[in-house]
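For reference, the structure discussed in these notes is given below.
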Amino acid sequence: MQGGILDACVIEQFIGRKERCHVKAMVERSLERHHSAAAKKQIVFLAGIPNDLWVKADRGAFQRVLDDIIANAVKHSPPGATVQVHALPQKEDVLINVRDQGIGINEAGRQKLFDRFAARMAFPTGSSISSSIGMAIVKRLAEALSGSLRWRGDSDSGSTFTLRLPAAVSKSSDAPEFSDIKMLTHRLVDFQARN
C-alpha cells in the first residue's frame, strides 16, 4: 500500500494541465540533454521524427518520460552503439520508439521490468550514471497521460521501448516551440581523440 501511495505522489507531482506538444521539438530537447552522457560513450543518436506530429499531454510529464526512456537507452548501450528514436502516427495516437543496442533483458528481467520493487535485470555499460525515476513509474506516468509504455526485444539484441500518447490535431499554422534546434545526429567517434 505504501508503494502505491508513493507512486501516486510521484505521478501527481508531474501531471498537470494537458496541452498540445510538438513531438519533434520535445524529442530534440531530450536528445540534447543526454548529449554529454552519449558523448562519453561515443554513442550515436539517430532520430527520425516527422515535423507534423503533436500529442496532447502535460508538457513536463511528457518530457520526463522521454528523458527517462532515452537515459535508459544510453545507460544500457555499449560504447560506440547507436540509439534510434523514431515516431509515427497510428490512428488517433502517436508512437515514439526508442531502440538501444544493449545486452537486452533476460526472461527474469522481463517479468520484473515494470515492477516498482525490482531493478532492471541488465547492467549499465561504461561509466553510466542514471537519475532515472525507474521504468515502473515511467510506465505509470505514460498511463496517467492516457497512453502506454511497452517493451520488446530479447536477451541479446537490445531493447525497444514504445511510448504511445494521444495525438493532437496539427494545424497548418503550427510551428515548433523553438526553431533553432537542429535534427540531432551525434557522430561522436572522435570524442576520445579530442580528450
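Bear in mind these aren't lab numbers, they're just calculated from the coordinates by the rules spelled out. Please read these numbers as outputs of a predicted model, since none were measured by experiment. Methodologically, a virtual Cβ is constructed for each residue, glycine included, from the backbone with ideal geometry; neighbour enumeration extends over all protein chains shown.
Name the long-range amide H neighbours of residue 48: under 5 Å, sequence gap of 5 or more, or other chain; modelled H, no Pro or chain starts.
Long-range HN contacts for residue 48: 85, 86, 87.
Multiply the residue separation of residue 88 and residue 51 by 0.36 nm, subtract the distance between their alpha-carbon atoms, and state the gained length in nm to one decimal.
My answer for the length gained is 12.3 nm.
Karplus couplings for segment 58-68 from phi (6.51 cos²θ - 1.76 cosθ + 1.60, θ = phi - 60°), rounded to Hz, Gly and Pro as x?
5, 4, x, 5, 4, 5, 5, 4, 4, 4, 6
Report the calculated FRET efficiency for residue 17 and residue 169 (r = Cβ-Cβ distance, R0 = 22 Å), to the nearest 0.05.
For R0 = 22 Å, the calculated efficiency reads 0.80.
Could you sort 86-95, 18-27 so that the peptide with the highest average Cβ count within 10 Å comes first and the rest follow in order?
18-27, 86-95
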